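A short write-up of the structure that comes next.
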Amino acid sequence: SGYASEKNETVSSKQQHDLQDLEAGIRYMVRLRSKPDGISLDGFRSSWSETVSAVAPYSSDEVNLRCSTPDLQTITCQWKVNKTESAALYSLYYQTRKVEWKKCINQRNATIGAALAYHCTIATSEVNTTVIIINASYPHHTQTFYKKPFRTENVVRSDPPKIVKIDVSTGGGKLRLFWEPPIKELLGQMMYQIRYSEENGSGWKTLFIQKPLHSEVLDLPHSKTYYMQLRAKPNGVTYSGYWSSWSETFTATIPGSMHLTAVPLVVGVA
């Protein structure tokens, strides 16, 4: 007792506990005492431990922190701050499998317009459930930004799929796309979107493919040229995450005559 607005929490027998609903930027005093659980042993509460203090962290959303893995081997974290915050020295720390805090050693930054963009890459072999904080060190104080723990398999953002072949059958104007999955370990666990546009067209049409296929047939009119792009995302069963960026733009023309042909892949900008 003796502290303003003192609150007590009772927790089960474990060696860590998260305090929730704290106000960011406020310093809190914390102390601990124990008591037998009354099952294997019974008895009385101990005296209070020594008091320790800590400032409650801010949400990592305030620095636009985003973390994802392109290949299940590394995790890349990126964040942005306004250039007016350039007086602060930003450092990313992560918790290792040994529950030790480690500073990112390959952190980089660059100026993008009115913002400073930072990124850091972590090997997934170093972490289990990933816990990350970012410290912003000012001349006379430090702000900490905290990201809720996440697992690698839940933040997958792969590279775009690679289109390897396009077959065109003008009997009905069918065009079949073939592609390679972006992560071989996720074979059969991805879903895809194809978007296409006519040459001189007014916009894109998008086809959503929820099945783990590696080819798809588009039924399109003859005698036209089309621009096509593809992107991928985990299907959410074992792995989840975000859409990849769109692949390079490929061009294919469906001729007016009736035959089956393999269309050479032409990379271009729609």
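The values are calculated or read from the model by the stated rules, or taken from the named source; none is laboratory data. Values in this document were obtained by computation on a predicted structure and should not be read as measured data. Here the Cβ is made from the backbone with ideal geometry for all residues, glycine too, and neighbour counts use every protein chain on show. Areas reflect the complete protein model, heavy atoms only, side chains present, ligands, DNA and RNA absent. Shrake-Rupley method; radii C 1.70, N 1.55, O 1.52, S 1.80 Å.
Every listed requirement among (1) crowded, with 16+ Cβ neighbours inside 10 Å; (2) more than 20 Å from the chain's Cα centre (by Cα) is met by Cys104 save one, (2). Can you tell me which residue within the stretch 35-89, out of those that are open to solvent by 60 Å² or more (accessible area, probe 1.4 Å) and touching a Pro at 6+ places or on another chain (Cβ under 8 Å), is farthest from Tyr242 (Cα to Cα)? Across the stretch 35-89, the extreme among qualifying residues is Asp42. If you check Phe145, Phe178 for being of a type in the set (Phe, Trp, Tyr), open to solvent by 40 Å² or more (accessible area, probe 1.4 Å) and not in a helix (DSSP H, G or I), only one passes: Phe178. Close Cβ contacts (under 6 Å, 6 or more residues apart or on different chains) running from residues in the stretch 238-254 that are open to solvent by less than 60 Å² (accessible area, probe 1.4 Å) to residues that are assigned to a loop (DSSP other than H, G, I, E, B) and among the basic types (Lys, Arg) comprise Gly241/Arg157.
Restricted to the stretch 51-70, and to residues there that are free of Cβ contacts under 8 Å to residues at least 60 places away in the same chain and either acidic (Asp, Glu) or assigned to a strand (DSSP E or B) (or both), the residue that is nearest to Ile26 (Cα to Cα) is Ala54. Contact map, the stretch 100-126: first residue touching a residue at least 60 places away in the same chain (Cβ under 8 Å), second residue open to solvent by 60 Å² or more (accessible area, probe 1.4 Å), Cβ cut-off under 7 Å, separation 6 or more or different chains; the map is empty. Thr10 falls short on exactly one of the conditions (1) surrounded by fewer than 10 Cβ atoms within 10 Å (Cβ to Cβ); (2) part of a loop (DSSP other than H, G, I, E, B); (3) in contact with a Phe, Trp or Tyr (Cβ under 9 Å, 6 or more places away or on another chain), and that condition is (3). When you look at Leu22, is it farther than 16 Å from Val131 by Cα, touching a Pro at 6+ places or on another chain (Cβ under 9 Å) and either surrounded by fewer than 12 Cβ atoms within 10 Å (Cβ to Cβ) or modelled with pLDDT under 90 (or both), yes or no? Here the answer is yes, as Leu22 does meet what is asked.
Tell me, yes or no, whether the stretch 210-229 has at least one residue that is surrounded by 13 or more Cβ atoms within 10 Å (Cβ to Cβ) and of a type in the set (Phe, Trp, Tyr). Yes, there is a match, as at least one residue in the stretch 210-229 is surrounded by 13 or more Cβ atoms within 10 Å (Cβ to Cβ) and of a type in the set (Phe, Trp, Tyr).
Condition (residue is in contact with a helix residue (DSSP H, G or I) (Cβ under 6 Å, 6 or more places away or on another chain), open to solvent by less than 40 Å² (accessible area, probe 1.4 Å) and in a strand (DSSP E or B)) applied to the stretch 118-132: is it met by at least one residue? No, the stretch 118-132 has no match at all.
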